[in-house]
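Undergrad: My structure is below; once you've seen it, I'll send some questions.
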Number of protein chains: 4
Amino acid sequence: MVKNLILIQCDDKVGLVALISSILANHNLNITAMREFVDERSFSFFTRIECSGELPSVSDLKLQFEKELPLHSIISINPKQEKIIAILVTKEYHCLADTLTRHFFKTLNAKVCCVIGNHKNLEDFTRQFSIPFYHISHENKSKSDYEAEIIHTLKSYNPDFLILSKFMRILSPQFIEHYQNRIINIHHSFLPAFIGASPYKQAHERGVKIIGATAHFVTNDLDEGPIIVQQTIPVNHAFTITDMIVAGKEVEKAVLSKALQLLLQNRVFITGNKTVLFE
Amino acid sequence: MVKNLILIQCDDKVGLVALISSILANHNLNITAMREFVDERSFSFFTRIECSGELPSVSDLKLQFEKELPLHSIISINPKQEKIIAILVTKEYHCLADTLTRHFFKTLNAKVCCVIGNHKNLEDFTRQFSIPFYHISHENKSKSDYEAEIIHTLKSYNPDFLILSKFMRILSPQFIEHYQNRIINIHHSFLPAFIGASPYKQAHERGVKIIGATAHFVTNDLDEGPIIVQQTIPVNHAFTITDMIVAGKEVEKAVLSKALQLLLQNRVFITGNKTVLFE
Amino acid sequence: MVKNLILIQCDDKVGLVALISSILANHNLNITAMREFVDERSFSFFTRIECSGELPSVSDLKLQFEKELPLHSIISINPKQEKIIAILVTKEYHCLADTLTRHFFKTLNAKVCCVIGNHKNLEDFTRQFSIPFYHISHENKSKSDYEAEIIHTLKSYNPDFLILSKFMRILSPQFIEHYQNRIINIHHSFLPAFIGASPYKQAHERGVKIIGATAHFVTNDLDEGPIIVQQTIPVNHAFTITDMIVAGKEVEKAVLSKALQLLLQNRVFITGNKTVLFE
Amino acid sequence: MVKNLILIQCDDKVGLVALISSILANHNLNITAMREFVDERSFSFFTRIECSGELPSVSDLKLQFEKELPLHSIISINPKQEKIIAILVTKEYHCLADTLTRHFFKTLNAKVCCVIGNHKNLEDFTRQFSIPFYHISHENKSKSDYEAEIIHTLKSYNPDFLILSKFMRILSPQFIEHYQNRIINIHHSFLPAFIGASPYKQAHERGVKIIGATAHFVTNDLDEGPIIVQQTIPVNHAFTITDMIVAGKEVEKAVLSKALQLLLQNRVFITGNKTVLFE
């Protein structure tokens, strides 16, 4: 049986579920899983529907939804199955390795088009997986030149998402706007604690008993974008900063992996500075 | 705005969501939260719908659902808000205290009608909360006499649920049948590990690195009923059995409290030997 | 066999463990559990030793330690078993109830001397446990008058610790100094995130995917004192602020309970703005 | 400053800590971290000591310990830093990939000598990391022939540990004895629940709300050896068996990785059917 996926984000109004489900029933599509959420603050409605059955033409169904749903609804029917992602790294390998391994064994649910590093130490590892690696150094050039080089390199790949896998440089508003809502970062703290540089050093100095990691969309405000996934793990007084860094890598990896899984299965909606996740 | 709650459990068929949501839309009821689940093994459909708006008469709406939904559907519309619960205890106070405290401050979402203990040590504590305490000893009488006494005591209260708050006696099939799907037990292990007596002793001897607790419905098979909530916590080699018991009480309390919250908010469905939870 | 407890905090130097353990061996005291930690930043040494055997006079043993250990060592031998604690509350019951219940069943390992509230709603509940309740309102008086009243009330009880069980007022440096290192607060966020008022509102606005609680010693810097215990729990987009508050209470309760247990078993050392915990 | 590691496991007696620490102090070795544990059931004593300073000859120090400590003490001074491990796999890649990645980036703290698979699908991936892969099929041969082939292959590598990274075959007592206390397995359930085959299927049928994984030493009793690490994660009614398998892989990976880290840092002692871990 053909499985279909329908994503809708629109203004809330009475009877939306009935309206949408009736359209599907009229086409003899059987809802096998449905998640919906109404944000009562912004009067927004979100739904993710899996249904089985032979779809009429996607464009016809979309037109029908557009006619019946509130203006400016965002409707996606059977979105592209295998998204294309580009990975930006600096020196740390753990998040990159996790993604490339899943890619190798075809469990990532996406195609990794390339890896771009401002250092060279992850080149051999990346090449080993037959993925192109571009060394684009940030040294001796302006930020805008540096970023133009990245954008130029990415152009032909046309990636759906950019994954900052412990990419330790701050991107300009121009760069971020270029990939709006398409850049995911992993920050090595349970945000909003320890925004910015050296969060483990900050955590050690504060004497916290937990550390954590946050996967989030990147916006112009440093570490302030919509949060996708967060987790924490316990630490104690005996942890040095190095111990925290080592332990933290495991959470960073788990958090990014979870965020990618949700994202690539079309389970993440953005609403203002927040996310709606249908797990 | 009036809030309504609708619970439906029935055989699955194409268009159920459309059917149900259309009936609601026809009555101008707006779905504010909806959860549904299809168990593809048993072809069963479960939904929990919160909707706002003025309900037609409950019986009319129910009739309409019964006419349109598959035979043998279980339909509940605006179920009794404040359930009545009776608590059975032996000697341990932690689960009882947690429930009585919430009851006292009106956050339990239920009325505790009485506490029955086969020992007397929790009597003063219970009375302090102005809850009737019945000491029904199991000593020097047959199990059927003992249970008949409990049933007789509970009769006038007509409780919706019996909570075994560390009640350490095994109930007979006759007793259990008398309160079918209405008895909740807290077992002090992560079932199915360590079924039966002295789970912490068993856990200590096995050298496990986690202990846990399980809240479940009681059926004739000891510790085999549908599981509602489970949690675990880490332990290590330095834990004595007593340390495990002490640490375990915290999980038992948390697990029972969570199970009661779900149950009393009508978020728990039973299907065969499992539960469907709409959290 | 008599069990003894010895706590030492001093400057680090070569051979401290040998020195201390030899003194114990000379008195035929057998170490049954020993924890030690060297803070390599501050060159401080901490140890907690349980040993069995007949102690010579406590003062003699202490003198011997003082002679052999570095200057300014803090040595405690068989500290007072049952500490006295006073509880300050505002309106929320969950932390208070947890502590009073343990006190009632003699598992708190401390004596609750009294509860002081700036509101009256917890009076009946407290009295029910035969604990004195003092209603000291902060209204229509200066902060210094208000705090003087609290200090005056506490004077005769001479408490070892003050527990702020969701006490929602900020104490003056003078008050804090009066009970230096003896005031424990429960803050309803995973500090240092969401310092100050309404952390759940802040958390909701930020769209975090975890919330948490922190038990810490109170110092002059708001929510900046040494952290004892922290925990987090997951939340999602469907949580309203109220849902977060309700869910958060469970973590607050667990975190405070754990902190009290450690504190009252003499397992907490303070070093600068951090704690060393021997769990 | 030279860092030394001393591991001792012996019968308990009065004054052991004093005895051991005095010997170290006499050699001007400063204890920087010390963990000890007395198993009061078996009267066994375990300690792991990190000390800094110039060691006398290892054999002299060992002799001195042997003279002073109880008979049959197991003493290890500065054990081999980089252990050699061999990995046995069947078809699943996640645990293998995690270990090989850490090996590649030199954070495993061990040398992976080879990978042996009874299927071929992990060969390319392994070779990519320049690690020898041996395909030893179990088909068309007796178990003893099959195992003899593995033992023969491993002989020249002389591995310290065999890691069963989702190796799905049961080993004979003869094989296990050959590598006594040196084989680590990852079992895909929170033991002792769901021993044996298809634990996720068992878990799904039982309707549990948690799943987990266990890393343990292999003994003759299937899934009954000393447990090193266990973790659980929540699941719900919507999880199919496949969903459980996918989610479970993440715990399996985390649990094995943690167990290896402890093992390779000499933090794991075996006592009877349990482990003592100095984390």
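The values are calculated or read from the model by the stated rules, or taken from the named source; none is laboratory data. It should be emphasised that the depicted structure is a prediction, and the values quoted were computed from it without experimental measurement. Neighbour counts run over all protein chains shown; Cβ positions are idealised from the backbone, glycine included. Accessible surface is based on the protein model in full, side chains and every heavy atom, while ligands, DNA and RNA are left aside. Shrake-Rupley method; radii C 1.70, N 1.55, O 1.52, S 1.80 Å.
Undergrad: Kindly establish whether C:Ser130 is out of contact with any His (no Cβ under 6 Å at 6 or more places or on another chain), free of Cβ contacts under 8 Å to residues at least 12 places away in the same chain and under 30 Å from C:Gln81 (Cβ atoms).
TA: yes
Undergrad: Right, something else. For the range B:107-127, which positions are without any contact (Cβ under 8 Å) to a residue 60 or more places away in the chain and either part of a loop (DSSP other than H, G, I, E, B) or of a type in the set (A, V, I, L, M, F, W, C) (or both)?
TA: B:Thr107, B:Val112, B:Cys113, B:Cys114, B:Val115, B:Ile116, B:Asn118, B:His119, B:Lys120, B:Asn121, B:Leu122, B:Phe125
Undergrad: Next up: Among the listed residues C:Ile184, C:Ile210, C:Ile233, C:Ile241, identify the single one that is of a type outside the set (Ser, Thr, Tyr), in contact with a His (Cβ under 6 Å, 6 or more places away or on another chain) and modelled with pLDDT of 95 or more.
TA: Criteria check complete, one pass: C:Ile241.
Undergrad: With the condition being polar (S, T, N, Q) and either in contact with a Pro (Cβ under 8 Å, 6 or more places away or on another chain) or at the interface with another protein chain (Cβ under 9 Å from one of its Cβ atoms) (or both), I'd like the strands (runs of 3 or more DSSP E) fully within the range B:165-257 carrying at least 1 qualifying residues.
TA: B:210-217, B:227-234
Undergrad: Now a separate question. Answer with yes or no whether B:Asn273 is at pLDDT below 95, touching a Lys or Arg at 6+ places or on another chain (Cβ under 9 Å) and in the same structural domain as B:Leu108 (by TED's automatic domain parsing).
TA: So B:Asn273 passes the test.
Undergrad: Considering only the range A:104-134, state which residues are more than 14 Å from chain D (Cβ to nearest Cβ) and open to solvent by 80 Å² or more (accessible area, probe 1.4 Å).
TA: Within the range A:104-134, A:Lys111, A:Lys120 meet the criteria.
Undergrad: For the range B:34-64, name all the residues that are of a type in the set (Phe, Trp, Tyr) and in contact with a helix residue (DSSP H, G or I) (Cβ under 7 Å, 6 or more places away or on another chain).
TA: B:Phe45
Undergrad: Still on this model: Which of the residues belonging to the range C:49-62 are in contact with a Ser or Thr (Cβ under 9 Å, 6 or more places away or on another chain) and free of Cβ contacts under 8 Å to residues at least 40 places away in the same chain?
TA: C:Lys62, the sole residue that qualifies.
Undergrad: In the range C:79-90, is there at least one residue being out of contact with any Phe, Trp or Tyr (no Cβ under 9 Å at 6 or more places or on another chain), more than 14 Å from chain D (Cβ to nearest Cβ) and not charged (D, E, K, R)?
TA: yes
Undergrad: Here is a further query. What number goes with the only condition from (1) more than 13 Å from chain C (Cβ to nearest Cβ); (2) touching a residue at least 60 places away in the same chain (Cβ under 8 Å); (3) open to solvent by 50 Å² or more (accessible area, probe 1.4 Å) that B:Asp160 does not pass?
TA: Among (1) more than 13 Å from chain C (Cβ to nearest Cβ); (2) touching a residue at least 60 places away in the same chain (Cβ under 8 Å); (3) open to solvent by 50 Å² or more (accessible area, probe 1.4 Å), B:Asp160 violates only (3).
Undergrad: Moving on. Among (1) within 22 Å of C:Ile87 (Cβ to Cβ); (2) in a helix (DSSP H, G or I); (3) among the charged types (D, E, K, R), there is one condition C:Glu139 misses while meeting the rest; what is its number?
TA: Of everything listed in (1) within 22 Å of C:Ile87 (Cβ to Cβ); (2) in a helix (DSSP H, G or I); (3) among the charged types (D, E, K, R), C:Glu139 misses just condition (2).
Undergrad: Further question on the same structure: Of everything in the range B:258-279, what is in contact (Cβ under 8 Å) with a residue 24 or more places away in the chain and either assigned to a helix (DSSP H, G or I) or among the acidic types (Asp, Glu) (or both)? Give them in sequence order.
TA: B:Lys258, B:Ala259, B:Leu260, B:Gln261, B:Leu262, B:Leu263, B:Leu264
Undergrad: Out of curiosity, is C:Val268 away from every other protein chain (no Cβ under 11 Å) and open to solvent by 10 Å² or more (accessible area, probe 1.4 Å)?
TA: no
Undergrad: Which number in (1) within 8 Å of chain B (Cβ to nearest Cβ); (2) closer than 28 Å to A:Arg182 by Cα; (3) at pLDDT 90 or above marks the one condition that A:Phe65 misses?
TA: Single failed check for A:Phe65: (1).
Undergrad: Also, I was wondering about something else. Which condition number in (1) more than 22 Å from the chain's Cα centre (by Cα); (2) at pLDDT 95 or above is the one that D:Asp60 fails?
TA: (2)
Undergrad: Looking only at the range C:8-23, which residues are at the interface with another protein chain (Cβ under 7 Å from one of its Cβ atoms) and within 29 Å of the chain's Cα centre (by Cα)?
TA: C:Val17, C:Ser21
Undergrad: So which of A:Thr214, A:Thr240, A:Thr219 is open to solvent by 60 Å² or more (accessible area, probe 1.4 Å) and either touching a residue at least 12 places away in the same chain (Cβ under 8 Å) or of a type outside the set (A, V, I, L, M, F, W, C) (or both)?
TA: A:Thr240
Undergrad: Among the candidates B:Ile183, B:Ile233, which residue alone is open to solvent by 10 Å² or more (accessible area, probe 1.4 Å) and assigned by TED's automatic domain parsing to the domain that holds B:Val112?
TA: Exactly one residue qualifies, and that residue is B:Ile233.
Undergrad: Quick one: is A:Glu149 surrounded by 15 or more Cβ atoms within 10 Å (Cβ to Cβ), out of contact with any Gly (no Cβ under 9 Å at 6 or more places or on another chain) and not in a loop (DSSP other than H, G, I, E, B)?
TA: yes
Undergrad: Separate question: When residues of the range B:60-94 are filtered for being under 27 Å from B:Asp12 (Cα atoms) and in contact with a strand residue (DSSP E or B) (Cβ under 9 Å, 6 or more places away or on another chain), how many remain?
TA: Of the residues in the range B:60-94, 15 are under 27 Å from B:Asp12 (Cα atoms) and in contact with a strand residue (DSSP E or B) (Cβ under 9 Å, 6 or more places away or on another chain).
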